[in-house]
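Below: the structure, in structure tokens.
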Amino acid sequence: MMTENIQGKVVVITGASSGLGEATARLLALQGAKLVLGARRLDRLQSLARELNLADQAVVQTDVTDRHQVQQLVDRAVDLHGRVDVMLNNAGVMPSAMLERLHVDEWDRMIDVNIKGVMYGIAAALPVMQKQKSGQFINVASVAGHKVGPGGTVYAATKHAVRVISEGLRQEVKPYNIRTTIVSPGAVATELTDTITDPDVAAGMRQVYEQAISADSFARVVSFAMSQPEDVDINEVLFRPTSQAY
């Protein structure tokens with residue numbers, strides 16, 4: 001695997017305490033990246049940091065729905081390393097339900113985490129990358145960012161939004177030599193399905209996730225996008241388990 005453009009890169013990851021974020025942190029640590037990790041569960045972050053031999057300061061308790069906390073996470077990376085090479089906006093939730101159940105609080109939560117969390121990550125890291133005249137945003141969408149099914153309406157809307165925001169960002173940051181990558185996973189084993197409260201939707205989703213592939217698959221995609229030469233911009237990767245039809 002190409003890793004020559006990963007060694008020494010400063011990478012900020014949200015939602016790093018489990019699932020996709022944790023798997024990516026593990027792989028990039030092996031490949032020599034300098035990591036600064038954010039998530040709500042500080043204990044999980046601290047134990048991951050110990051395992052990866054990261055400094056205590058390399059983890060920051062971060063709720064991405066709070067702009068100031070996201071800013072503090074990025075500021076920490078700049079304080080420690082003087083720059084930010086990659087911002088991986090990974091934190092996400094998926095409490096899917098049929099609209100008729102009127103789980104409005106869950107709609108708000110998905111919008112706050114999945115859309116505004118990504119926006120806050122961009123707001124925090126963009127000025128740093130503009131000044132550097134380099135950097136890469138990697139934003140996590142989903143197969144649901146390409147299609148919608150019953151019970152997944154609001155989640156799909158948030159993931160479509162991530163793709164739209166990323167594409168707009170891509171077009172705007174050309175003068176600054178900044179790269180943008182959307183990663184749209186299918187059924188990958190994470191704690192995402194644990195956030196579903198609607199029993200019918202949860203049952204259907206469990207069936208889909210029986211064929212889930214490991215979170216390492218996502219980590220390898222991130223590593224691939226990062227490792228390209230600076231003049232190559234991998235704009236989107238859509239991937240699923242080989243057995244997933246939809």
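The values are calculated or read from the model by the stated rules, or taken from the named source; none is laboratory data. Keep in mind that this is a model prediction, so the values were computed, not measured. Counting neighbours? That spans all protein chains shown, and the Cβs are built from the backbone with ideal geometry, glycine included. Note: areas computed on protein heavy atoms with side chains; ligands, DNA, RNA excluded. Shrake-Rupley method; radii C 1.70, N 1.55, O 1.52, S 1.80 Å.
Structure notes:
- Helices (runs of 4 or more DSSP H) wholly inside the stretch 135-246 containing at least 1 residues that are free of Cβ contacts under 8 Å to residues at least 12 places away in the same chain and open to solvent by 10 Å² or more (accessible area, probe 1.4 Å): 153-172, 199-209
- Subset of the stretch 1-39 [more than 22 Å from Val113 (Cα to Cα), within 19 Å of the chain's Cα centre (by Cα), among the aliphatic types (A, V, I, L, M) and outside any helix (DSSP H, G or I)]: Ile6, Val10, Ala33
Table: residues versus (1) over 20 Å from Ala91 (Cα atoms); (2) of a type in the set (S, T, N, Q).
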{"residue": "Pro175", "(1), (2)": "yes, no"}
{"residue": "Ile178", "(1), (2)": "yes, no"}
{"residue": "Ala187", "(1), (2)": "no, no"}
{"residue": "Thr190", "(1), (2)": "no, yes"}
{"residue": "Asp194", "(1), (2)": "no, no"}
{"residue": "Pro199", "(1), (2)": "yes, no"}
{"residue": "Arg206", "(1), (2)": "yes, no"}
{"residue": "Tyr209", "(1), (2)": "no, no"}
{"residue": "Ile213", "(1), (2)": "no, no"}
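- Residue within the stretch 93-111 that is over 18 Å from Ala33 (Cα atoms), among the polar types (S, T, N, Q) and touching a helix residue (DSSP H, G or I) at 6+ places or on another chain (Cβ under 9 Å) present: yes
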